[in-house]
Each structure stands twice: as C-alpha cells, then as structure tokens.
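See structure below.
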Amino acid sequence: MVTEKRKLSLPTDDWNRKYYWDIRKVAWNCARCSTCKWVDVWEVKDARFAKICPSSLYYNFDAYSCQGRMDLSLALIDKDLTYDDDPQILDIMFKCNTCGGCDAMCKGVQDMEPLRVMLEMRAKFIEDGQLLPQFMPIIDNLRKEDNMMMQRKADRGKWAEGLDVKDLTTQEGEVVFHAGCRLCFDQELWHVARGAVNLLKKAGVDVGIMGKDETCCGARAYQMGYRGEFTKYAENNIEAWKNAKVKTVVVSCSDGYYAMKRLYPELGANFEVVHIVEYIDRLVKEGKLKFTRNVPMRVTYHDPCHLGRRLSQAPGYYVPGQPIMGIYEPPRNIIKSIPGVELAEMYRIKEYSWCCGAGGGVIDAYPDFNNFTATERIKEAKDTGAEAIVTACSWCQRSLTDAVTSMGDKMKVIDIVELIEQAI
Amino acid sequence: MPLGDEKHRLIYSELVSMLGESNVADGPATLKAYSRDMFAVSVLRRKRGPEFIVLPGSTEDVQRIIQLANRYKFPFSVISGGWMFPLMGAARPYWCIIDFKRMTGLEIDEKNMYAIIQPNVTHAQVQAEAMKIGLYNGIPLVGAHMSALANHAWHGWHGTAYRTGFSTRNILGMEWILPTGELLSTGSLAAPGAGHFWGEGPGPDLRNLRKGVVGDNGSLGIITRMAIKLHRWPGPRFLPTEGVRPQKKCELPADRFKWYFINYPTEKKLIDAMYEIGKAEIGGNMERYDSQRLAFEYAKSRDEYWGLLEQGYWQKFPNTIALCLWGFTSEKQLQYEEKVLNQIIDETGGELWPKEAYEKFVPYVANTKIRAIWGPRWCRNGGSMQTGWLVMDTLDEILSYTPTVWEHLRKYTPPYLEGHGDSAWVLPFDFCHFGGGDNAPPFEKKEDIVKAVLAEAMEQMALDTKNGKTTFELATAPINVTGPSFANFHVPMAKIKKAFDPNNVSNPTRFIDMDAMERAEKEAAKPS
C-alpha cells in the first residue's frame, strides 16, 4: 500500500510554477475561500462598506457570488448540470455586473482570473443558444441600428450638432473622440461629450469625430457574451479609424476605453487609446490646460471598474504578482489641481471600488439590482460629506444619477469633464 | 440533489411560508454553491450537496427553522464564510443549510470593551469599527473576511492569542438556539438586563461545551449572537497602506509598533526563547516562521514562491521568531519591552535578521498581517487545495510531531522542499502556556493525489491518537472515532448530544456521529 502511494510524484503538470489559463482549471481550483466577496481585509475601513461583490450582497445566496459561479461553471463543464436542470442558471450567470471586484481579489490570493471564466461562460451560453430574454431586443437593435441604447442610428450624431469639430468621415485627423452609445443617445449627458471635445480643442488638439457614422464599440455586447457582435463592431471601428488616418482614440466612457485598450489589439488595432482623464491630465502637466477659476466644492471620486481594476483583466494582460493596475491617479491629479475643490475619498477606492451597477448588461436586464448597487455607492459617497460624486464614465453617471433620483437625494453626480469646465 | 418527493416539497413550502420565497432555495444551480470547499473531504465529495438553503433574518427565524427540523426530522447545519464547510456539509437526505448572510448585526460597547455580533459579521468588519475607537479584536488565522462569531466558536487561532488569549477566553454572553429550538442565554446575558459583559455561567461554564479545542461544528445548536472581548488598539483608525494590491506597503506608527525577527540555530532554542518572551509578558503578537512559510507569505505569486525557494533566500532563516512589540499604553512601554527583549535575545542566542531581509518583509507582509494572517493565500501554492496537520499542545510538544508528519507529507511535495521546509509553523497562545502548530505544504488539487493525502492523514491521525497526541487534520473524524483513544470521552459527549438534540438533527454527522455509534454499540452487543 505504501509503495503504491509513493508512486505519486509532483509536479504532474505546471500547477506549481508558471501561470497558464484554463477555464476548467480556474473553476476547479476555486478554494471557496470567499476572498472574492470582500474588500481586502486590511482595507476594510467601515463595516457597512466592506463587500466588493454587489451580486453577493444583493442576492445573498453564495450562488450569486464569484465562488458560486465557479461551482456552476464547473458543474456545466463537467456535465453535472445541464441547462435544463434549473431555470435559475441563466439568472445566476447574468446577475453580475462583471465589475471585476472578485477577479482583482482572487488574483492577489490564488493567481486566478475568475471573471474571465464568467465571461467565457457567458459567451458559451450564447453559443449554446441560452439567451437571456432581456438582452434579445437590445442585441436585435444593436444589429439593426449599431447602438446599445434602443435608438435609431440616424440620431447618433445629434449630440454634436452645432459643434465646430472635424468630421473624420470626410477628412483625415490624428485624434478621434469616440463618444460611445450612452453619450450619443442620452440627451441629458450630451453636454459631457460636447465639453470633452471643447476642452481638447481649447488645448489645441486637432480632434475629430465620426458623428452619425460612429458605431457601438462592442464592449457591452462582449460583456453580455455576444462575441460575434463585439468583433463586428470592433473591426468596423478599426477600419473607420484607419481610413481616417487616426493615431489616437480618445474616449470618455470606461467600457469603451477597456474594449479599445485591451480587446481591440487582439483584432489588430494599433492605435493609442487614451481616456479623456488621461488626456486632460497630460494637457495639464504640459501646461496646455490651466485651471484658473475657484470651484468651492467638496467632492468624492468614483473609480469606474473598466477604467480601474478591469484593465488588469483581459486575455494576455494578467501577470501573477503584478499590481491590479488601472487609471487611478490621473482623475485624482486633475481633481486635486482644481482650486477650491476638496477631494474626500470613499472607503472603497481604486482596485476596491464599488461598482455603479451598470456593467455586464445589468442596467438593461436587472434594473432593481442596478439601482441597488448604485444606491449603495451613493450612500458611501454621502458618508464622505461630499456634495458631489465625480466620475469618468457615462454609464456610471447615468446609473448613479438614477439612484440619486430614486433616493430623493440631492447629491450631484457629475462627470469629471463638467468639473474641469467649471475651473476653466 | 433535491429528492423532489413529498417530504421535500412539504419542507420547502413550510420554509417558504416562514421566510419568504426569496430566502429559500432548492434549485440545483444554487445548491452547487454549497457543496464543497478547499479541503480534501469536500474535494472528494463535492457531488453530495444539500437540499435546501435558507437565509434567516433573525434569531426567531432560526428558532422556527430548527423547530421545523425537529417536526419533520430533517438535518441542518450552518454556514457563514464557508471556510470550514466540510464540517457543515450535507451528508444525508433533506439536509438544510442555514446561511446567515442576512444576520449582520454589529454593536460595540466602547466603555466595556466588547462587540456584540451576529454570525455574518466578519473579523475585518469588527476591526474596522473597533479601530475607529482605539479597540481591536485580534488577528484571525483563517483570514479576517470570515465570520468573527464562527471563528470564536470553532477554531479561533489568532496571531494575537499570544497576548489576548485563546478565542474561548474572549467569548462573553451568547444567544444560543438549542437543537430543539429553545433559546438559551449564557453568561451575564442569562440575567435579565445584565447585558453581555460576562461569559461564564449560569452554573457550569457552557462556553467550553460549545468550544473546546475546535468547537462542536454546530452539532449542539446554533449561536445567533455573541459578545466578544475587544482589546486595546494603539494604532491609527485605518491601517496606513499604500500601493496597489498585491504590492501593498504598510507602515505602522514607529512609536507604538516594532517588529523583531529573530533567528535561532535550532528549534529547541527557538522554543526556549519563546517561553522566555512569554514569561516576560512582552509583545502583542508572536509566531514562529519556517523558511517555507516566509517564502509563501512574501511571494506575490505561485511562481515567485517557488523561485524564492530555489534561490534559497528565506532558507537563511529557518527558525525565526516574529514578534511585534506593541506600545499599548505608551511609547515608553515599547521602549521598556525592547530592552527586555534585547536581553532575552542575548541570553538565548538569537540573531536579528539583517536589515535587508527585515525591510523586505516588514512593510510588505508583517504590517498588513496586523489585521489578518490571511489563511486563503495558503491555498495558492497547491493549486488552491491545502490540508494540514494541526496540533494543539505545549510548544515543545508541537515540534515533536513534525518529523512523522513530514515523513508522510514528503511523498506529495516537490523534492526541492526537502531539507529546508520540514518544519512547523507555531502560534503561541496565552503567553506561551500552550500553542498551535501547523504543517501546510502544497498539494496538487487532483483527485488521486487528494485521495492519497487524505488517506495518509487519516492513518497519521489514527497513529497520533493512539499515542495520545492531540493532532487533528482539518475536517476529519468525528469523536466517536477518536474518543476510544482518549479515555472514551465520546461516551459522555454522546449523552450530552442526546440530551441536547434528541432528534439528532443538528449537524448529525460531525462532532459526533450518533448513528454510527449506536450501530457500533449494537454490533458490540451481539453475542460472539
């Protein structure tokens, strides 16, 4: 018996050394340690705001946490469960903002990328015809009208009407501002897109837009599992930018930024992708933008997930042991350099940021969950004593604004571009 | 998988009428999330799951669930963080897991220095609120993201237990739902209006009935509220960290905290020094590191861990005492303790780590450990599966277990660990009056390996038990198996279990398996 046992020897694969990606391996190796549910313990600053996973806080059952989704994924991969075994399967997989909080926590402890498992599983669900009914009209509209907002393609350029900006569908230009679906069709937020363009122009940037011919970036479709749609729109954008001789793409939506920065290169894109906060931070440092007006305001800053920790979660970008990097400092540099503005940080910031609730299709499919998540963030923001929550993503702004409205609160939700405009 | 029979449907509908549909689940996709954890037992038995998950919101909800369990004779167990799940896992039909996610009450009595907690409050949450007012609740080995209540009731090995005492000593008044559904208040809570401030009584101290070394796994009912002692925290409101994970740096106030890393030529000398430090009653937390543990706590990835061992850097310090002096009352206390410690180091032949090693380890590892020993990271090296041989004994005795344990472990660990990893981590409790030890090497999480390791663990444990050693492997045998080697202590415990839980519904297979015991008794009574 003992001799038999001694025959076992390690390593039997590279489990103990170099990282490699394998969907089943990650699901199987989930330790159920629950690190994915909470902010790093040494960073828990308040009992009320200690969780990192909105889904596990809202739905309570462990099935609605990253750990539960690893169990579900493994069961489906190993055929312990089939799609027909439980009508809850789709909900369990899709009631997730794909904010990557779990992923950032798990990486630091277990060298694993669980969000990638979830995104791959979503894609497999779609491939297998397991479609979430709430997504269907949105994807249908995307296919017909090239946007995720259930709007007409013909109206896409309206946000820029009267704006003196180069049209890159007819001219060439090195810098394109990609407004994204939310800013193009959410009339209440048009001023953010217009403000961004104006700031760039004021700093002497030769910026152009695609106007009504701009199309969806495909990021949200990717999060929902619709890889075909993502690829189609990514390729379309890449082609359009190449035709216009674009070198730099500027975006003010974090979803779009993530997709262009992390996913487009897989499809051959070779542009410099810059978020508006990075660009403005750069312009301020170069002295091309100066904040001259006092803005007496106590604000807090909300880190959008896709501008933050998600940047370390993409095929080929994860290196175990490396920091969960994101665009954390540029927005803070900008806010701190505006005269009169006082930055009061929330408990959960940077890689520990609490999601706004919009991601992963949740804003469309599960409005109650979306609202809960955003409301939690507003409550946390209010704890700082700030009068405004500043963000750098149009989806976050919409989600947080709606939460404030539903709470009957008066907290201002503003894009960083709006704050900058007040200072210039 | 749910049986879906009439009894199942009946229980389900009763639970739903009691708690509401959104707080009861019996769907297979939800149940899958309650089928396993990292330990060997559940890796091998992950296909066995519960039939119901329920989310009570109050003590009264828990009482009603338990009363229902007694009426319909279905087993139940509890879960909070889920770390020790095999001890609570479903083993029989109609098994119901009570998940405490909705029970998150936390109150702090600043003046009397205790916190009153419900089961789903983590150590980190208690710490966060306590630290704001200069109080503190210890460094849990398991990770501070686990239930503080469950941790006190079960394992409760704290880095600070050296000074603040083993977790049993930190339990005050408890609200305990017996396996029959009755509410029992313990300690001062039993006296109307007295509050939670005292732990003992009425009558015999019931804390140790629940707690012992590693608790009763919920087989004597459920604690729905517990008061735990808080201790003085001389540090800042928030732990001062900088950087982005996993490359976090933390500097503690130098006038109140000072780490010492002292290496000894032999384990014997190390333990002797620990005793001297304990006798002097200095320091806030202390542990013994071996080189393997230094490497994996320092490493930020699995690859870095093996690389470090290959480089041999941490092997220069195979017998290290890590001691943090805390100036609880003042800077002067810290200065005094430093003088005492330096004298002990001289007398015991210890050698301080070189500055380079100290500066590598303290700001990046040791200081953040002030809030958690961070158990989950131990899973990383073995592909997430870890099993350990735990020992609780005097400090000298802990090390006497090490050679035999490693004889078994070596077969499953990569060869380059040999010669410099064969030792134990030691955590002293109560100023070194006793302590805990652990050997936690990495294993690959593959079924054949897990099976073999578990079999070896059982073999080892049986041997230890026979030799009267108090070793235990996490999540293994109930006491009807181990009791015969320890003066048949399972016999009185069985009587207690029967008195408390006449229907044997409260986690019936763990702590003590009454059915197996009765079968054995019947077997023994048969004429030969």
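The values are calculated or read from the model by the stated rules, or taken from the named source; none is laboratory data. Just so you know, these numbers come straight off a predicted model, no measurement behind them. For neighbour counting, all protein chains shown are included, and Cβ atoms are generated from backbone atoms with ideal geometry for every residue, glycine included.
Overview of values
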quantity: Residue count for segment B:364-379, restricted to those that are modelled with pLDDT of 75 or more and either in a loop (DSSP other than H, G, I, E, B) or in contact with a Pro (Cβ under 8 Å, 6 or more places away or on another chain) (or both); calculated: 3
quantity: Matching entry among B:282, B:277 (being of a type in the set (A, V, I, L, M), part of a helix (DSSP H, G or I) and either farther than 20 Å from residue B:432 by Cβ or more than 23 Å from the chain's Cα centre (by Cα) (or both)); calculated: B:277
quantity: Inter-residue pairs, beta-carbon under 8 Å, first at the interface with another protein chain (Cβ under 9 Å from one of its Cβ atoms) and in segment A:38-57, second assigned to a strand (DSSP E or B) and buried (at least 24 other Cβ atoms within 10 Å of the Cβ), 6+ apart; calculated: A:38/B:122; A:41/B:122; A:44/A:38; A:44/B:122; A:50/A:38; A:50/B:122
quantity: Residue within segment A:48-57 that is in a helix (DSSP H, G or I) and either farther than 27 Å from residue B:24 by Cβ or modelled with pLDDT under 95 (or both) present; calculated: yes
quantity: All positions within segment A:277-303 that are touching a strand residue (DSSP E or B) at 6+ places or on another chain (Cβ under 6 Å) and within 19 Å of residue A:251 (Cβ to Cβ); calculated: A:279, A:301, A:302
quantity: Residue check for residue A:75: more than 24 Å from the chain's Cα centre (by Cα) and not charged (D, E, K, R); calculated: yes
quantity: Qualifying residues in segment A:290-328 (those that are polar (S, T, N, Q), assigned to a loop (DSSP other than H, G, I, E, B) and over 18 Å from the mean Cα position of the chain (by Cα)) - the one nearest to the other protein chains (Cβ to nearest Cβ); calculated: A:322
quantity: Test: residue in segment B:304-318 that is touching an Asp or Glu at 6+ places or on another chain (Cβ under 8 Å), crowded, with 21+ Cβ neighbours inside 10 Å and either more than 14 Å from chain A (Cβ to nearest Cβ) or among the hydroxyl-bearing types (Ser, Thr, Tyr) (or both); calculated: yes
quantity: Qualifying residue in segment A:119-130 (condition: under 22 Å from the mean Cα position of the chain (by Cα), outside any helix (DSSP H, G or I) and not polar (S, T, N, Q)); calculated: no
quantity: Some residue of segment A:97-108 being surrounded by fewer than 24 Cβ atoms within 10 Å (Cβ to Cβ) and polar (S, T, N, Q); calculated: no
quantity: Looking only at segment B:237-267, and only at residues there that are acidic (Asp, Glu) and more than 30 Å from residue A:35 (Cα to Cα), the one that is farthest from the chain's Cα centre (by Cα); calculated: B:255
quantity: Condition broken by residue B:506, with the remaining ones in (1) small (Gly, Ala, Ser); (2) farther than 30 Å from residue B:307 by Cβ; (3) surrounded by fewer than 22 Cβ atoms within 10 Å (Cβ to Cβ); (4) modelled with pLDDT of 75 or more satisfied; calculated: (3)
quantity: Residue within segment A:269-276 that is surrounded by 24 or more Cβ atoms within 10 Å (Cβ to Cβ) and part of a helix (DSSP H, G or I) present; calculated: yes
quantity: Pairs with Cβ under 6 Å, 6+ apart, first in segment B:148-167 and closer than 11 Å to residue B:285 by Cα, second part of a loop (DSSP other than H, G, I, E, B); calculated: B:158/B:138; B:158/B:139; B:159/B:139; B:159/B:373; B:160/B:138; B:160/B:139; B:163/B:284; B:164/B:138
quantity: Whichever residue in segment B:50-83 is farther than 21 Å from residue A:64 by Cβ and out of contact with any Gly (no Cβ under 9 Å at 6 or more places or on another chain) and, among such residues, is nearest to the other protein chains (Cβ to nearest Cβ); calculated: B:58
quantity: Residue that is farthest from the other protein chains (Cβ to nearest Cβ), among those in segment B:125-139 that are surrounded by fewer than 24 Cβ atoms within 10 Å (Cβ to Cβ) and over 14 Å from residue A:44 (Cβ atoms); calculated: B:134
quantity: Given (1) in contact with a strand residue (DSSP E or B) (Cβ under 8 Å, 6 or more places away or on another chain); (2) surrounded by 21 or more Cβ atoms within 10 Å (Cβ to Cβ), index of the condition residue B:142 fails; calculated: (1)
quantity: Test: residue in segment B:240-249 that is more than 30 Å from residue B:182 (Cα to Cα), at pLDDT 95 or above and surrounded by fewer than 22 Cβ atoms within 10 Å (Cβ to Cβ); calculated: no
